[in-house]
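> This is the structure I want to talk about, given as structure tokens.
The values are calculated or read from the model by the stated rules, or taken from the named source; none is laboratory data. Just so it is clear, the model here is predicted, and its values are computed rather than measured. We place every Cβ from the backbone using ideal geometry, glycine too, and count neighbours over all the protein chains shown. Note: areas computed on protein heavy atoms with side chains; ligands, DNA, RNA excluded. Shrake-Rupley method; radii C 1.70, N 1.55, O 1.52, S 1.80 Å.
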Amino acid sequence: MTKRIGILTSGGDCAGLNATIRAVALRAHHGYGWTTIGIGRGTLGLLERPVEAVVLDPARLDSALARQGGTFLGSTNRGDPFAYPMPDGRLKDRSGEMVDGLKQLRLDGLIGVGGDGSLDILRRLLAPSGIPFVGVPKTIDNDVGQTERAVGYSTAVAIATEALDRLQPTGASHERVMVLEVMGRDAGHIAIAAGIAGAADVVLIPEVRWSLDRVAGHIARLRAEGRTSALVVVAEAAGQSDEASDAAADAPDHGVGEWLAKRLAKATGAEARATVLGHVQRGAMPTAEDRLLASALGVRAVDVLADGKGDRMVAWWNRQVIDVPLDKVVGRSRTVDPGGSLVRTARALGICLGDSA
Ligand code: F6P
């Protein structure tokens, strides 16, 4: 009997989603003779009647798809089935409608590509349906537990690094402190990696407590040594780890880069400019590393379903693709280890993290 599996992308998009979808559909077809159904707009497609879904014809999943950013299926980070935002502002449990939508598709398994939050939601949604579920980790934030890499992270780091490459010469020409704000929600993975790769002078992340005085002191020392400009990378959530609790409380939810640049200009007397990289970090052609990861994880996700397993997430660990129980993943996000290799590398290179270490 031909099996039918579904795939959807959920949460914020990132580079490498199309490569993941392609890998799933190709593996399902060539490996097992299965049909893959692509569900539109994450969980939102499940609310439509008929359900918003298309059969993914392997002949049309050409190589161009592996290169494209975004997700051709669409995605949402607003479709929590258990607390769905209604037009009148109420939150309504619409999980039953979504499960009904899944049943209408007559699926024998579902692969969901998402971050920590999306995988948790999908897992809970699927539990009463009896449809086996396998998650593929994706997020530029790279904070999904039990995997060293999530799809999209490599590309985001490459873009943030390139931004530093472009900020350095203009900063040097005008003798400015250039602040680059990068994404990462509650984690500093993009900031610390791009900060090292892009040879930043300062990296501020939510996992390491920092103070403005120490950052200003570091920039003053650089100036005393003859440097006329500086590169500062700040993770979007770094406001919460400012040691001055008043300042942390004043840190804006958005625009931490501008906020920091103003304070640094005042503290150092230097001209400072902020660049907010924002969604540029998400909508790009995936790096080779992201395409490889997406392909390897997509193939494995189908194999896990073929093995008759569910409630699992495929993961990259120790140079291998593995699968792990989803209950070990959800609610356990993986932030930057303040004693880990990247933080130690940054310190060894003289990058200031704003702390007293
Ligand atoms: O989780 C991915 C992410 O890009 C975060 O880094 C960022 O905080 C958030 O999504 C932005 O969400 P939105 O696209 O809803 O503005």
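> Within 15 Å, Cβ to Cβ, of Pro85, how many net charges do the neighbouring residues add up to if Lys/Arg are +1 and Asp/Glu are -1?
Net charge in that neighbourhood comes out at +1.
> What do you reckon, how do Leu204, Leu167 stack up by accessible area (1.4 Å probe), largest on top?
Leu167, Leu204
> Please give the contour-minus-distance gain from Glu48 to His174: 0.36 nm per residue of separation, less the Cα-Cα distance, rounded to one decimal in nm.
Working it through step by step, the gained length comes to 39.9 nm.
> Stick to the Cα atoms of region 144-235, pair each with every other, and give me the Kirkwood hydrodynamic radius in Å at one decimal. Intermediate results must be reported in sequence, preceding the final value.
Details: mean 1/r = 0.0725 Å⁻¹.
After inverting the pairwise mean of 1/r, the radius is 13.8 Å.
> Mind jotting down the three principal axis lengths of region 81-213 based on Cα atoms? Whole angstrom, largest first.
Projected onto its principal axes, the Cα set of region 81-213 covers 62, 34, 26 Å.
> For labels at Met285 and Ala306 in the simple 7 Å Cα→Cβ model, what's the distance in nm?
Each label point lies 7 Å from its Cα, and together they span 3.1 nm.
> Still on this structure, please answer the following. Work out the count of Lys pairs in the chain where the Cα-Cα distance is under 25 Å, with the pair 8 or more places apart or on different chains. Write down the numbers at each step before the final one.
Working: Lys3/Lys103; Lys3/Lys309; Lys92/Lys103; Lys103/Lys309; Lys138/Lys309; Lys138/Lys328; Lys309/Lys328.
The result is 7.
> Per DSSP H run of at least 4 residues, take -39500 (n - 2.57); add these up for the chain, divide by its residues and hand me the 222 nm value, nearest 500 deg cm²/dmol.
My calculation for the chain gives -10500 deg cm²/dmol from helical runs alone.
> I would also like to ask the following. Just add up the charged neighbours of Thr20: K/R +1, D/E -1, any other residue whose Cβ is under 10 Å from the Cβ of Thr20.
+2
> Please report the base-10 log of the normalised intensity I(q)/I(0) for region 227-357, using a Debye sum with one equal scatterer per alpha carbon and no solvent, at each q in 0.11, 0.17, 0.19 (1/Å).
-0.65, -1.13, -1.23
> Here's a follow-up. Report the Stokes-Einstein translational diffusion coefficient (µm² s⁻¹, integer) for the chain, Rh taken as the Kirkwood radius over Cα pairs, at 20 °C with viscosity 1.002 mPa s.
Calculated translational D: 101 µm²/s.
> Quick one: net charge around Pro58, please, counting Lys, Arg +1 and Asp, Glu -1 for every other residue with C-beta under 11 Å from its C-beta. If you can, show how the numbers build up before the last one.
Numbers: positive: Arg22, Arg27, Arg60; negative: Asp57, Asp62.
So the surrounding residues net to +1.
> Where does each of Tyr32, Tyr84, Tyr153 land when they are ordered by accessible area, with a 1.4 Å probe and the largest first?
My answer, sorted largest first, is Tyr32, Tyr84, Tyr153.
> So what does Ser341 come to for accessible area, using a 1.4 Å probe and Å² rounded to 10?
80
> If all Cα-Cα distances of region 16-119 are sorted into 10 Å bins from 0 onward, what percent lands in each bin, rounded to whole numbers?
14, 43, 32, 9, 1
> HN-Hα J couplings of region 208-218 from phi, Karplus 6.51/-1.76/1.60, θ = phi - 60°, integer Hz, Gly and Pro as x?
Calculated HN-Hα couplings, in order: 10, 5, 10, 10, 4, 4, 5, 5, 5, x, 5 Hz.
> Got a sec? What order do Phe82, Phe72 fall in by accessible area at 1.4 Å, biggest, i.e. largest, first?
In descending accessible area the options line up as Phe72, Phe82.
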